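Below is one structure, written out as C-alpha cells, with a few remarks after it.
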Amino acid sequence: MTMNRHLDDSTLMSFAAGALPEALAVVAAAHVAVCPRCRDELATMEMLGGALLGSLPGAAMRSPAPAAPEIERHSSSRPAAAPPPINQGAAVGEVPAPLARLIGNDLDGLHWRWVAPGSWLRHVPITSGRLHLFKCSSDVALPEHGHEGSEITMVLRGTISDGTGLYRVGEVCDIDENVEHAPVAGTDGCICVVAQDRPARFRSLIVRLTRPWHGM
Amino acid sequence: MLDLPITSGTGGDTPLSAHRGIMADLLRRIAERADPAAFRELYEAYGPRVKAYMMRQGADAGTAEDLARNLRIDRLRREVPWQELPEGRLTEASSEPLPDDAMAEKERQERVQAALAELPLEQKDVVTLAYLEGLSHSEIAERLGLPLGTVKSRMRIAYQKIRQGLESLE
C-alpha cells in the first residue's frame, strides 16, 4: 500500500503493460498527464516492456518480409495523422484529457445524482471496472468502504483527506484491497474521480441497500 | 496453458539488446525513406518475436504470423482500448537522440536487460504475465493462486531492482 500521492509502481507497471482494467487505466492516464514523476517512471517501464519482448525466443516465420510498397503506404500516411485532441476550452487543466474524452471538460455542467446531504455521484459508463465521479461539500465524507480489488482516487477539484494526509488537485490515492478508506472533502469541497476494478464493499447498510439505485 | 517463465534470447536467437543502436537506425531509415532493406532486416529480427508473443496470447501459428506481418500489436492489447500519451510525449519519442543520448539509452537498455535476467522467478513471473500476456493484477493473482497484495508487492520489488540497476547510471 502506498500513500504517496502518486500511482503505485505496480499500477504504473500494469498500465505500461496495457494490462490495467479500463476504469483504472483512465485514472492512471489522467494522473500521468499531469505528473512528471509518474511520466518518467512510465517511460522506464515501457522500456522494460521492450526488453521483455526482445528477450522472447522467436517463432520461425514461414513467409518472407512483406513487400516494401506496403511500408511506403504506411509511412507516407504518417505525417497526415492528426495528434490526439488535447484538453482545450474554458476548463483547461481541470479535467485531464484522458478523462475529458469520457466526461467532457465542464464538471459543473454534468448531471449529478444526489446520494446524501452534501454528496453527489456521477456514474461513468466503462467496459471494464467501475468509474465514478463524487462531488462533496466541505467536510462531507465519501461513503466509507473497503475493497476486494484495487481502487484509485484522483482529486479533480478542491482537496480530500483520509487520515493519511491531504490530497490536492491531480494527486492520487492508489490503495490495495482490504483497506478501509473514508476520505473527507476539504474546506472548499471536492470533486474526485474514483476507479475500481471490482465493486467496493460499503460499510453502511443504507448505501449497500440503495447501491443498485445509485449505479454503484 | 502457456509456459512460464520466458527464457532469455539465447540458444540460437540473437539477443536484440546487442542491436539496439542498429534497430534505431533501421527505424529511421524506414521512417525517412521507406527503405525496403531496412524493413526486411527489422522484420527478420522482430517478426519471430512478435509471432511468439501472439502465440503466447493464444493465437494459432498462422494467425500469429499474419499479425506479426502486420505489426499491429497495440491494437490487440486486451482490456484497455486506448491509452493516451500525455501532451508532448509523441514529439519527444520521435526526436532523434544525440549520439551521447543514444549511448546512454543503449546503456540503460542493457541495464534493464541485466536486471531482468537477475530477477527471482517469482518476480519475473508476475512481470511477464502482465507484459506478455496482458493480465491484470487480479487475473495474475487468480492464475498463480496468490493474494492480490502479493502480486502487487512482487511487481513493486521487481521494479525497484530494475530502478536500482539504472540509478547507478544517473
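Magnitude of the Cβ-charge dipole of the stretch B:111-170, K/R +1 and D/E -1, about the Cα centre, nearest 20 debye?
Values: 8 positive and 8 negative charges, 26 e Å.
Here the stretch B:111-170 has a charge dipole of around 120 debye.
Partner shielding of A:39-50 amounts to 5, given as the average count of beta-carbon atoms from other chains within 10 Å of each residue beta-carbon.
Taking each residue in B:32-43, count the Cβ atoms of any other chain within 10 Å of its Cβ, then average. What number comes out? Numbers along the way, then the final one.
Numbers: counts 1, 2, 9, 4, 8, 2, 2, 9, 6, 1, 2, 6.
Mean inter-chain Cβ contacts per residue within 10 Å come to 4.
Taken as Cα centroids, the stretch A:11-45 and the stretch B:30-44 sit 31 Å apart, rounded to the nearest whole angstrom. What does the charge add up to near A:V95, with Lys and Arg as +1, Asp and Glu as -1, over the other residues with Cβ less than 10 Å from its Cβ? Surrounding charge for A:V95 is 0.
No lab work stands behind these numbers, since they all come straight from the coordinates. Since the model is a prediction, treat every value here as computed from it, not as a measurement. Here Cβ is always computed from backbone atoms with ideal geometry, including for glycine, and neighbour counts include all displayed protein chains.
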